[in-house]
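See below for the structure under consideration.
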Amino acid sequence: HAAFRVTDGIPPFVKGRGAYAFLFSMLTHHIDLLRWFCGEVTSVYTLQSRPDSEGKFLDTVLSFEFASGAIGSIVGGWREGQTRTIEGLEVGGTLGAVSIEDVQKRVRLHSLSPDSVEEYQSDYFWGIQTEFYHSLDSHVLSFLERVQRGEPPLVTGWDGVRGLEIVAAAI
């Protein structure tokens, strides 16, 4: 299984665009990562809260079945005034599980024994918000290098299209 939880502030460019803007602008990235871990999505189920009268919050739950037999979920929401994304991920497999706390905090590796846990806290993320976002430069450079060598990119436009198809199915 794989389970995401994510909250973020409401970006100005989507404010007032309706409840589905969260799915299209934010959760497509999480869907893509779930596909990477679990394989192709075969079905998706959705539940959304009603935003308050001023649209200051919205909560969404997406549940997935994958062709591999795995299941997954995303529980997420927008909060008016939240200053950065908070997200966590747990992936469970046949040999154990990994949990990632708020991308910038810690990673825990769990073996099949509940008492055996390895924990990592990287200084790379501590207090250096901009360094994390510079990792996007590496993604763009990788794309350009692969295109220059005549190789297909690691992530294609079809991956983006598939994410949008899954969001459309969720709606």
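The values are calculated or read from the model by the stated rules, or taken from the named source; none is laboratory data. Predicted model, so just to flag it, every value in this text is computed and none were measured. Here the Cβ is made from the backbone with ideal geometry for all residues, glycine too, and neighbour counts use every protein chain on show. Just the protein is used for accessible areas: all its heavy atoms, side chains included, with ligands, DNA and RNA removed. Shrake-Rupley method; radii C 1.70, N 1.55, O 1.52, S 1.80 Å.
Exactly one of (1) assigned to a helix (DSSP H, G or I); (2) modelled with pLDDT of 90 or more; (3) not acidic (Asp, Glu) is unmet by VAL61. Its number?
In the conditions (1) assigned to a helix (DSSP H, G or I); (2) modelled with pLDDT of 90 or more; (3) not acidic (Asp, Glu), VAL61 misses (1) alone.
Taking the residues in segment 66-115 that are within 26 Å of THR42 (Cβ to Cβ) and assigned to a loop (DSSP other than H, G, I, E, B) as candidates, determine which candidate is nearest to the chain's Cα centre (by Cα).
Residue satisfying both the conditions and the ranking: ALA70.
Check THR60, THR94 and return the single one that is of a type in the set (Val, Ile, Thr) and under 30 Å from PRO114 (Cα atoms).
THR94
Looking at segment 138-151, which of the residues that are open to solvent by 100 Å² or more (accessible area, probe 1.4 Å) and assigned to a helix (DSSP H, G or I) is nearest to PHE37 (Cα to Cα)?
Among those residues, the one meeting the criterion is HIS139.
Considering (1) crowded, with 16+ Cβ neighbours inside 10 Å; (2) outside any loop (DSSP other than H, G, I, E, B), say which one ILE10 fails and leave the rest.
Going through (1) crowded, with 16+ Cβ neighbours inside 10 Å; (2) outside any loop (DSSP other than H, G, I, E, B) one by one, ILE10 breaks only (2).
I'm trying to understand the selection: among the residues of segment 91-118, which are open to solvent by 80 Å² or more (accessible area, probe 1.4 Å) and closer than 22 Å to SER135 by Cβ?
Passing the criteria: none in range.
Across segment 13-27, what is the total count of residues that are in a helix (DSSP H, G or I), in contact with a helix residue (DSSP H, G or I) (Cβ under 6 Å, 6 or more places away or on another chain) and either surrounded by fewer than 17 Cβ atoms within 10 Å (Cβ to Cβ) or of a type in the set (Phe, Trp, Tyr) (or both)?
1
I'd like to verify a number: residues in segment 152-171 that are more than 17 Å from the chain's Cα centre (by Cα), β-branched (Val, Ile, Thr) and either under 15 Å from PHE24 (Cα atoms) or surrounded by 13 or more Cβ atoms within 10 Å (Cβ to Cβ) (or both), how many?
Result for segment 152-171: 1.
With the structure loaded, tell me whether ARG35 is farther than 18 Å from GLY163 by Cβ and either modelled with pLDDT under 95 or within 15 Å of the chain's Cα centre (by Cα) (or both) or whether it fails that test.
Against the criterion (farther than 18 Å from GLY163 by Cβ and either modelled with pLDDT under 95 or within 15 Å of the chain's Cα centre (by Cα) (or both)), ARG35 does not qualify.
One line per residue, one yes/no per condition, for (1) under 16 Å from ASP159 (Cα atoms); (2) in contact (Cβ under 8 Å) with a residue 12 or more places away in the chain:
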{"site": "ALA2", "(1), (2)": "no, yes"}
{"site": "VAL6", "(1), (2)": "no, yes"}
{"site": "PRO12", "(1), (2)": "no, no"}
{"site": "PHE22", "(1), (2)": "no, yes"}
{"site": "THR28", "(1), (2)": "yes, yes"}
{"site": "LEU33", "(1), (2)": "yes, yes"}
{"site": "TYR45", "(1), (2)": "no, yes"}
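Can you name every residue in segment 28-51 that is outside any helix (DSSP H, G or I) and of a type outside the set (Ser, Thr, Tyr)?
GLY39, GLU40, VAL41, VAL44, LEU47, GLN48, ARG50, PRO51
Quick one: GLY77 ticks every box in (1) at pLDDT 90 or above; (2) surrounded by 11 or more Cβ atoms within 10 Å (Cβ to Cβ); (3) not aromatic (Phe, Trp, Tyr) except a single one, so which number is it?
Failing condition for GLY77: (1).
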